[in-house]
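The values are calculated or read from the model by the stated rules, or taken from the named source; none is laboratory data. Worth saying up front: this structure is predicted, and the values here are computed from it rather than measured. So basically every Cβ, Gly included, is an ideal-geometry build from the backbone, and we count neighbours across all protein chains shown.
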Amino acid sequence: MILYIKNIDTRQDCNKPWEHLLEQYPALVEPIRESWNDPSSFVRKIYMITPTKTRAEQTPDLTRLAQTLYLIPNLFWIVVEDEPQVTLRLRRLLRSFHLPFIHLNIATPDYLKPTQNQSTWRRPRGVFQKNIGLQWLRTNTNKDEDALVYFADDDNTYHWKLFQEIRKVQSVGVWPVGLVGELLYERPICLNGRVHSWFHYMYRKRKFPTDMAGFAIHLRLIHHYSTYVFNVSATSIAEQESQILNTMTTIDQLECLANNATKIYVWHTKTQSMFLTSIERLRNAGMKYDLVNQL
Ligand code: UDP
Ligand code: MN
């Protein structure tokens, strides 16, 4: 007998699949009741903006992220590709996930792209792309819609519970981020749901010392501050988060989530760039890739 435990699966051939499974596997934890394609989960909408740059690890990173999103109901994914035109390659990949998404693009100008010998935090990473995402929201969503906006880099690691926290946000919510700022985590230190101070080590002058992954904003504020854009000037890169938060909120308005900011549900992981033999060397060895068009 096959057991399908998603509550909307029409092929379900067993009345109480979960109870049956529990008999078989007593240590099982109850399945997540929500699923992204479940029409019966009436939860607040999340608009998630993901800038994404072209690199060999992009497809696996986005695949991993997309498959996290299968766990998240009512999320609309705004993917902004760092290219002068949207590529067919990325369009095909995004379509293959069967998730609700829009594929936009803008190229970071060459003179602002990180180079090999520059420390990357001095460069805008995904800034132009996030601005395109904001612009899309302002023209394509209703300012009265009760929805949340989250900026999600393509290489971070997201626990599904993070999205439950995002949905609790009334105005601007904050929470810890793992593996960031040369620490195991950075976090707001909270007393009774309000920010008292911050645990952080790098760039101590930041007014809101949190990573982009550490907050979500109500869509209303994105419409209200209708001209706000991230500043692309290279010197203010560690300040991106502080700038948007300083514009749209104040420290005493911030809502501490993730159990009063004691749980880590998102990690600022980085995919290592793989060493790849150059095309030229391969050619010298009499070899060439034949699947490049399918990548
Ligand atoms: N990104 C981009 N263009 C760039 C650099 C980065 O679109 O020139 C994207 C990248 O794919 C990621 C986000 O911006 O989704 C943050 O970049 P990255 O992960 O390199 O930054 P870090 O982890 O160092 O903060
Ligand atoms: Mn990253």
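Filtered by the rule that a residue be more than 16 Å from ligand 2 (Cβ to nearest atom) and not aromatic (Phe, Trp, Tyr), the range 64-80 gives 66, 67, 69, 71, 72, 73, 74, 75, 78.
Against the test of being modelled with pLDDT of 95 or more, within 17 Å of the chain's Cα centre (by Cα), over 21 Å from residue 218 (Cα atoms) and of a type in the set (A, V, I, L, M), the options 179, 148, 183 yield a single qualifying residue, 179. Just one residue in the set 115, 157 is farther than 24 Å from residue 255 by Cα, of a type in the set (Ser, Thr, Tyr) and surrounded by fewer than 22 Cβ atoms within 10 Å (Cβ to Cβ); that residue is 115.
Okay, residues lined up against (1) part of a helix (DSSP H, G or I); (2) buried (at least 18 other Cβ atoms within 10 Å of the Cβ); (3) without any contact (Cβ under 8 Å) to a residue 12 or more places away in the chain:
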position	(1), (2), (3)
229	no, no, no
243	yes, no, no
276	no, no, no
289	no, no, yes
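What residue, among those in the range 218-265 that are hydrophobic (A, V, I, L, M, F, W, C) and within 14 Å of residue 162 (Cα to Cα), is farthest from ligand 2 (Cβ to nearest atom)? So the residue we want is 256. Considering the range 43-90, and only residues there that are among the polar types (S, T, N, Q) and either within 11 Å of ligand 1 (Cβ to nearest atom) or modelled with pLDDT under 95 (or both), the residue that is farthest from residue 230 (Cα to Cα) turns out to be 74. Assessment of the range 113-122 against the conditions (farther than 25 Å from residue 239 by Cα and away from ligand 2 (no atom under 16 Å from the Cβ)) yields no matching residue.
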